Amino acid sequence: MMQALFYTGPEQMELRDTELPSLNVGESRVRVLATGICGSDLHAYHGHDPRRVPPMILGHEAAGEVIEGPLAGKRVTMNPLVVCGHCDYCLEGRQNLCSNRTMLGMNRPGTFAESVVVPDQCLIELPDGLSSVAAALTEPAATALHAINRLERSLTRPLAEASTLVIGAGAVGLLTGLMLRQRGVRHLTLADTNPLRRETAEKAGLTVIDPRETPLDADSIEAVFDCVGASATRAMAVQATRPGGSLMHLGLQDNEGRFDMRSVTLKELIVLGAYTYTPNDLRATVDLLASGALGPLDWVETRALDAGAGAFADLVAGQTAAAKIVLTP
Ligand SMILES: [Zn+2]
Ligand SMILES: [Zn+2]
């Protein structure tokens, strides 16, 4: 038996005892040491994600120790995307678009549990110097890395020379900011309306504004990352991007409102989407986190698994300064 945090219905989380999931050929059992709560888990918690059907165990950002499988005894993080390996996308190295993919915490049991069963191919060994809590950031950090790499290829001059704006200082926004700084980007601003999140970003040494108090100049930024993905942030992003610039849309908050395609045309903008990460992105992210280049990562807050339901409630109420809460089963 194991304990797991079950999503049982809209705004309901319950710690339950449950059977250990059975292990198939090619799969490992991992004892979860640290697992982060993602915006998409919150989205599901509100009952807004038809792909996540209760009762189920959410969670897909995790690090742990393999207890059964070829890497037994090793500490690992995991690629929550389970891909087929033989479709066109997999073969061209764009596994994030795999036509046959499934995902931990979505259509497979997730990581808000004492243990999780994961295909061996999804496991990435961790270097000794990287803590499990920091390693649980691999998934959101790889999302940021994938988006930065995609946007970088669209620019006509080096990324480090471009003025950049990151909208949203949640985990992905904050990690995008920290990675852009690590890439040597000098003109870098974050924007968030939540004062607690601004405080966290400031402590991490980033420049952050409240866009309601400090409106951005129109047509002023070459590279804009919308890590929120709401109608207001999309409008802000299109307005702030300067002619010829690039706009990366990676938040998934809503799909409301109009998108100003007239400005996209007249300003000749490049609008890009980015979805998750490839296995290469994940491995590069583990190295980056282990190198210490993203700073002390002390903005992560840890809580016990049995405090998970409370953590969800605090996140929904905006009552935590932490850009990421990591549960430690
Ligand atoms: Zn996530
Ligand atoms: Zn595939």
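The values are calculated or read from the model by the stated rules, or taken from the named source; none is laboratory data. Source: prediction; values computed, not measured. Every residue, glycine as well, gets a Cβ built from its backbone with ideal geometry; the counts of neighbours run over all protein chains shown. Protein only, heavy atoms only, side chains kept; ligands, DNA and RNA dropped before computing areas. Shrake-Rupley method; radii C 1.70, N 1.55, O 1.52, S 1.80 Å.
Brief remarks on what is shown
- Pairs of Cα atoms nearer than 8 Å and 6+ residues apart set the relative contact order; for the stretch 80-165 it is 17 percent.
- Shape index of the stretch 141-273: Rg/Rh, with Rg the Cα radius of gyration and Rh the Kirkwood radius from the inverse mean 1/r over Cα pairs, equals 0.92.
- Relative to the 2.2 N^0.38 Å rule of thumb, the chain has a C-alpha radius of gyration ratio of 0.97.
- Taken about its Cα centre, the chain carries a charge dipole of about 600 debye when Lys and Arg each add +1 at the Cβ and Asp and Glu each add -1 at the Cβ.
- Positive-end residue, the stretch 141-273 charge dipole about Cα centroid, Cβ charges, pick of Thr156, Gly170, Ala201: Thr156
- Solvent-accessible area, 1.4 Å probe, carbon plus sulfur percent, for the chain: 48 percent
- Sequence of Met236, Met261, Met179 from largest to smallest accessible area, 1.4 Å probe: Met261, Met236, Met179
- Net charge, Arg31 excluded, C-beta distance under 9 Å - Lys, Arg +1, Asp, Glu -1: -1
- 1.4 Å probe accessible area per residue over the stretch 141-273, in Å²: 46 Å²
- Taking every C-alpha pair closer than 8 Å and separated by at least 6 residues, the mean separation divided by the residue count of the stretch 132-229 gives a relative contact order of 30 percent.
- Cα lying deepest toward the dipole's positive end in the chain, options Thr18, His60, Ala191, charges on Cβ: Ala191
- Ranking Cys122, Thr111, Val316 by how far each Cα lies toward the positive end of the dipole of the chain (charges on Cβ) leaves Cys122 at the top.
- Averaging 1/r across all pairs of distinct Cα atoms in the stretch 67-114 and inverting the result yields a Kirkwood radius of 12.3 Å.
- Net charge, Arg303 excluded, C-beta distance under 12 Å - Lys, Arg +1, Asp, Glu -1: -2
- Of all lysines in the structure, those lying under 17 Å Cα to Cα from Lys203, and not within fewer than 8 positions of it along the same chain, are Lys324.
- Heavy-atom SASA rank of Lys203, Lys74, Lys267 (probe 1.4 Å, accessible area, largest first): Lys203, Lys74, Lys267
- For the chain, the relative contact order works out to 18 percent when only alpha carbon pairs closer than 8 Å and six or more residues apart are counted.
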